[in-house]
Amino acid sequence: MSEKRSLILLFLLAGLFMLLGYLLNIVTGSVWAGYGLTIAIIIICMLFFGYRRRHYVLAQNAHNAYLRKQFDIAYGLYEKALSLPKCPEEIKVVYAYKLLAQGHTQKAQQVAATIQTDILNKDGIFNFKVVKGLMLYKEDKLDDAIALYEELTQESDAEQLWETYGMLLNLNEQYEKARDYSIAALEKYPNNNIIKENLATSYFYLFEDKKARKLYKSLITADVHYPEPYYYYARIAYLDERYNLALKYIEMAETKTPAALSNITLDVVVDLKNDIEAELDRLEAEFDADAQASVDTDVNADTDDDADAHTTADTDADAHAHASADTDADAHAHALPIQMLMPCSCFCRCRC
């Protein structure tokens, strides 16, 4: 019996018992007897209704824990709901999706295998196809996943489909189709950050860096919790040889939590960071080498100047020495004839 029919039956029974309470009030003449019976019947009906919906109560509590990122608690509550008799298949579908979203592919496949698709309602069948498409993607059957999601986009206009289909097209390197699809999606859901990221990634791989940079910057300003905008913004800066800027944003990407359905993992982020740091080290080494070469050039210049100064000084000294010698010689030459003409004071034959 469906939940809708069970709810209608519950209200009919409640109305019937309230009527019995009213009749009891008339027969006994006691107002409290009628009220007591009515209250007792209402409590019983509420307990019965709660019992019938205990699966959904557990599933709602699990969903709330999941939103608080208390994943272990959420999974435990879902497991408890599944262990109860006659657990609705729709709860299994939701549980499988949440497992996939956090990267627990094998467990999600196990849960999905227990789903009886023939008794799912319309929404349940649609959601199961969404889960199936994600499982195909995780199994590297990207073409099959895209075909299934393209079919789903014809059935529904759900925001989640616009997000996932654009992502799958990018992963399959259908960048132009992904770009056009994401532009249309963004017109419909202008505040959806995942669609913005899909469009920015399409722009990046189509070499439209200016448009990509603008979208990534808006996502960074919004402080999104996944690494893609920071990673690609750093990558654009790296390609532009702006390595310090690239390092700033790749370090921000390291602090974010990669989505299980994304191909930008922590290893990918670390690889780009290593490349950036290698370029910075190379530039620093080149700068040091240029600085040392400049110092050596200055030293050589000083040495040459000293040598020139010494050479000039030596030349001047030699010139001065030659000049002095010449002057003495000239003076001696002029004085010699006079000395030779004058007789020695002792008159000997010598020149003493």
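The values are calculated or read from the model by the stated rules, or taken from the named source; none is laboratory data. Only a predicted model underlies this, so the values are computations on that prediction, with no experimental measurement involved. Don't worry about glycine lacking a Cβ; one is built from the backbone with ideal geometry, like all the others, and counts go over all protein chains shown. Heads up: the accessible areas ignore ligands, DNA and RNA and are worked out on the full protein's heavy atoms, side chains in. Shrake-Rupley method; radii C 1.70, N 1.55, O 1.52, S 1.80 Å.
So which of Lys214, Lys248, Lys196 ends up being of a type in the set (Lys, Arg) and exposed (fewer than 15 other Cβ atoms within 10 Å of the Cβ)?
Values: Lys248 fails: exposed (fewer than 15 other Cβ atoms within 10 Å of the Cβ); Lys196 fails: exposed (fewer than 15 other Cβ atoms within 10 Å of the Cβ).
Matching residue, one of Lys214, Lys248, Lys196: Lys214.
I'm told Lys188 meets every condition in (1) under 15 Å from the mean Cα position of the chain (by Cα); (2) surrounded by fewer than 15 Cβ atoms within 10 Å (Cβ to Cβ); (3) under 29 Å from Ala147 (Cβ atoms) except one. Can you identify the failing condition by its number?
(1) is the only condition that Lys188 fails.
Can you pull out the residues in segment 188-209 that are at pLDDT 95 or above and charged (D, E, K, R)?
Lys196, Glu197, Glu208
Residues that are open to solvent by less than 60 Å² (accessible area, probe 1.4 Å) and modelled with pLDDT under 80: find the helices (runs of 4 or more DSSP H) completely inside segment 23-104 holding 3 or more of those.
Result: 31-52.
Within the group Lys122, Lys141, Lys132, which residue is open to solvent by 70 Å² or more (accessible area, probe 1.4 Å), in contact with a helix residue (DSSP H, G or I) (Cβ under 8 Å, 6 or more places away or on another chain) and over 26 Å from Asn191 (Cβ atoms)? Step through it out loud before you land on a result.
Working: Lys122 fails: in contact with a helix residue (DSSP H, G or I) (Cβ under 8 Å, 6 or more places away or on another chain); Lys141 fails: in contact with a helix residue (DSSP H, G or I) (Cβ under 8 Å, 6 or more places away or on another chain).
Every option except Lys132 fails the conditions.
Just one of the numbered conditions (1) modelled with pLDDT under 85; (2) in a helix (DSSP H, G or I) is not true of Tyr230; which one?
Failed condition: (1).
Among residues belonging to segment 253-275 that are open to solvent by 80 Å² or more (accessible area, probe 1.4 Å) and under 11 Å from the mean Cα position of the chain (by Cα), point out the one that is farthest from Thr164 (Cα to Cα).
Thr255
I'd like the full set of residues that are of a type in the set (Gly, Ala, Ser) and closer than 19 Å to His104 by Cβ, limited to segment 50-88. First the steps, then the outcome.
Step one: of segment 50-88, the residues of a type in the set (Gly, Ala, Ser) are 50, 59, 62, 65, 74, 76, 81, 83.
Answer for segment 50-88, where residues must be of a type in the set (Gly, Ala, Ser) and closer than 19 Å to His104 by Cβ: Ala59, Ala62, Ala65, Ala74, Gly76, Ala81, Ser83.
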